[in-house]
Structure formats: C-alpha cells, structure tokens
Amino acid sequence: LVSRKKKPENTIIEVNGVRIGDGNQSFIVGPCAVESYEQTAAVAEQAVKQGIKILRGGAFKPRTSPYDFQGLGLEGLKILRKVGDEYGLAIISEITNPADIELALDYVDIIQIGARNMQNFDLLKAAGAVRKPVLLKRGLAATIDEFVNAAEYIISQGNDQIILCERGIRTYERATRNTLDISAVPILKQETHLPVFVDVTHSTGRRDLLVPTAKAALAIGADGVMAEVHPDPAVALSDSAQQMDFDQFDNFMKELKPLVKVN
Ligand code: PEP
Ligand code: MN
C-alpha cells in the first residue's frame, strides 16, 4: 500500500498549517529530551522565531544504557502539550510502548516511532490503528526494504499518514555516529508516495556536520529536516555532543532558509 505503483500521487500530511509531502520543505526542531517546562518553552520560543511549526521532544527516551536519563514519561508529554498550545506549535514525541499509543493521542500531533522500534510490530500495528500522523524512523541496521515494510505494517491497519525519516544506519565508519544514507531519500521518494524527512542530528552525531548534511537533504529532495536544539547543550541530559545552542540554531536556519523549497 505504500508503493507509488499503487498510488502515484504524493501523500500529504497536514499538521498545523504545514503540508508535508506536497513539495514544500519544512523543519522539525526541539530538544532531544524534555527536561523541564522552562527548557522546552525556551526552545519553542526560538522555533517560533524561525517560523517553524512543529516542535519535537523526547518524553520516553530509548537509551542505550539503563542508567542514563530515561525521560520524564507522561509528565514530559504534558509539558510538550502545554508548550505547544502556548506557542502555537504542533508536537511530535516518541512512543515506545504499544499500550501508550492511545494515551499519546491526547498530547501529540505526530507520533514518533524510533529507530530501535522500527520492527516492533505490535507498536507499528497500534500506530496504524489510530488516526494520527506517524513519523517512522529507519532502524539502526535496517535495509530500505525492511524500512518500507515497517511502514507497510502501519498503513495495513488503515493509517496512511506516515512520514519516513532517514536517520543514519550503522556501518563500519566511526567518524560519524551513524552513516547518513542520503541516497535513501530519492529511493524512498521513488518507491513510495510517503513524505521523507532527514534527521541530521542522530545520523551524524556531530554538531559541525548539521549544516552541510541538512543542505544535502534539501538538495536531494527531502520533504524536511529534523534537528535537535537545546538552550545549553553542555548540560543536556542526553545527546549533549550534537544538539545546537540558540546561536548555532540561528546560523543553521540562516544557512538553510535560502535553500528551502516553498510551493
Ligand atoms: C530521537 O529522535 O529522539 C531518537 C532517539 O532518534 P532515533 O530513534 O533515530 O535514534
Ligand atoms: Mn537525541
């Protein structure tokens, strides 16, 4: 059902006035994790200043180590909703447990399914059973075919509001945290009718590569870019090495805005 052969025209996902998939390019920004109301609101203010309409933030964090910050959970979703309402932003946040999908409907405008859960088939089915857009991230070691099949799990349950997100895959290369598979973007655009985003933060794991990789994503035809922004990355509870501070974010948007395609 996700195949462009079945449906030649683009699927468009309308969120907070942004039409994702219709040829416009947009941004999703926000902190790696929601740490407090003040931290989230500070980032929201910067996003609004840049004309961005969708705020991200992790409440349920899938951390490699069980001893690392696991996120604020439901409290994090409540903070996101409050900030979203106050600043006129749509909210996207990762849900890790199929049982939490229903709960999330009250708080988020887009459900994120993370790389580590790309083949959590019960989670995919649960997200497919609701009427809420889903941003599905490519698995850490997933082929494009496996990625497309994961999206098929969602759409097969009746939900076609899916954004695919390339976020880097694991290779032998250690210069970056993951290897951004930039060619996945046009392949996914050709083979499916779904919008495709590129997450430059998790694919590179390097602050100095955010601008050039985001430029590449826009140039190659991605529908948008996701990036992490934090008021003070040095004290961030997760992904301290690659979140942008506000000055870096200003520069990031200054570099990218002239390249964005607007219908
Ligand atoms: C995230 O976007 O917060 C995240 C954990 O990313 P990924 O699932 O791509 O690792
Ligand atoms: Mn992160």
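Read-outs throughout are calculated quantities, based only on the coordinates presented, and are distinct from any laboratory measurement. Since we're looking at a predicted model, the values are computed, not measured. When we count neighbours, we look across all protein chains shown, and the Cβ atoms used for this are built from the backbone with ideal geometry, even at glycine.
So which GluC sites (Glu not before Pro) in segment 159-245 end up in coil per DSSP with only 10 or fewer other C-beta atoms within 10 Å?
GLU173
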Kindly write out, for segment 246-253 in residue order, the coupling ³J(HN,Hα) from the Karplus curve 6.51 cos²θ - 1.76 cosθ + 1.60 (θ = phi - 60°), rounded to whole Hz, with x marking Gly and Pro.
5, 5, 5, 5, 4, 5, 4, 6
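Given a Förster distance of 35 Å, report the FRET efficiency between GLN157 and LYS254 from their Cβ-Cβ distance, rounded to the nearest 0.05.
Using R0 = 35 Å, I get an efficiency of 0.25.
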Karplus-derived 3J(HN,Hα) from phi for segment 82-95 (6.51 cos²θ - 1.76 cosθ + 1.60, θ = phi - 60°), whole Hz, x at Gly and Pro, runs 4, 5, x, 5, 5, 9, x, 10, 6, 10, 10, 8, 6, 10
Likely footprinting exposure, LYS189, LYS125, fewest C-beta neighbours within 10 Å first
LYS125, LYS189
Per-residue ellipticity at 222 nm attributable to helices in the chain (runs of n ≥ 4 DSSP H, -39500 (n - 2.57) apiece, nearest 500 deg cm²/dmol) works out to -9500 deg cm²/dmol
Output the Cα-based Rg and Dmax of the chain in Å, rounding Rg to one decimal and Dmax to a whole number.
16.6, 48
What residues of segment 150-177 lie in the reach of a label at PHE121, counting those whose backbone N is under 19 Å from a point 7 Å from the Cα along Cα→Cβ?
150-159
Would you mind checking which residues have amide H under 5 Å from VAL15's amide H? H placed 1.01 Å from N; only 5 or more apart, or other chain.
ILE20
Separation of the THR64 and ASP208 label points, Cα + 7 Å toward Cβ, nm:
2.0 nm
